[in-house]
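In what follows, a structure is listed as structure tokens, so that the remarks can point back to it.
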Amino acid sequence: MKSLIKEFQDKKAKVEIMGVFYGNLKPLWFIETLNITLCTDKELGLMQIPTGMHVTEFLSKEFDMLVNFSIKEDFAPFYIAALSKAKFKIAIDTENNRKHFDLLLKLKEVNMKEYRNQIIHYLSKINI
């Protein structure tokens, strides 16, 4: 994912990341910056609905594009992505994603490397 983010940044795109971390402690490698925020278990309610200042702030912003990087069907990342005000939304093709995303990618193998390659391929075709 880091290489994909760098590729967007090299094209002068403003990149913001909202991640969902399942655990009580954020990973040691994680340093919160202006463009990277992690939502933790503490910000998920009983129904796994993300809440809190970071989520509210992220959902209030209008983005040109949003990529749901979750390769699993976890509710919290889906919820955040589906409610986002992004103009163009990308996700892996699943039944749940079909109503909320503009570009759905079918993967031969569901893994981050394949997903990244498909994102780069299709975005280069539509000049984003």
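The values are calculated or read from the model by the stated rules, or taken from the named source; none is laboratory data. What you see is a predicted model, and the numbers here were worked out from it, not measured in a lab. Backbone-built Cβ (ideal geometry, glycine too); neighbour counts: all protein chains shown.
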**Item:** Filter pass, V15 being in a loop (DSSP other than H, G, I, E, B) and touching a Phe, Trp or Tyr at 6+ places or on another chain (Cβ under 7 Å)
**Value:** yes
**Prompt:** Identify, please: which residue in the stretch 73-96 is outside any helix (DSSP H, G or I) and at pLDDT below 90 and is, among those, nearest to L38 (Cα to Cα)?
**Reply:** D74
**Request:** Please work out if N117 is within 19 Å of V15 (Cα to Cα) and without any contact (Cβ under 8 Å) to a residue 24 or more places away in the chain.
**Result:** yes
**Asked** Within the stretch 53-64, which residues are loosely packed, with under 14 Cβ neighbours inside 10 Å and assigned to a loop (DSSP other than H, G, I, E, B)?
**Response** K61, E62, D64
**Message:** From the list L46, L28, exactly one residue is modelled with pLDDT under 75, in a loop (DSSP other than H, G, I, E, B) and farther than 29 Å from Q118 by Cβ. Which is it?
**Reply:** L28
**Asked** Looking only at residues in the stretch 65-102 that are surrounded by fewer than 13 Cβ atoms within 10 Å (Cβ to Cβ) and touching an Asp or Glu at 6+ places or on another chain (Cβ under 6 Å), which one is nearest to L4 (Cα to Cα)?
**Response** K87
**Prompt:** Say we look at the stretch 97-112 and pick out the residues that are assigned to a helix (DSSP H, G or I) and at pLDDT 90 or above; which of these is nearest to H54 (Cα to Cα)?
**Reply:** N97
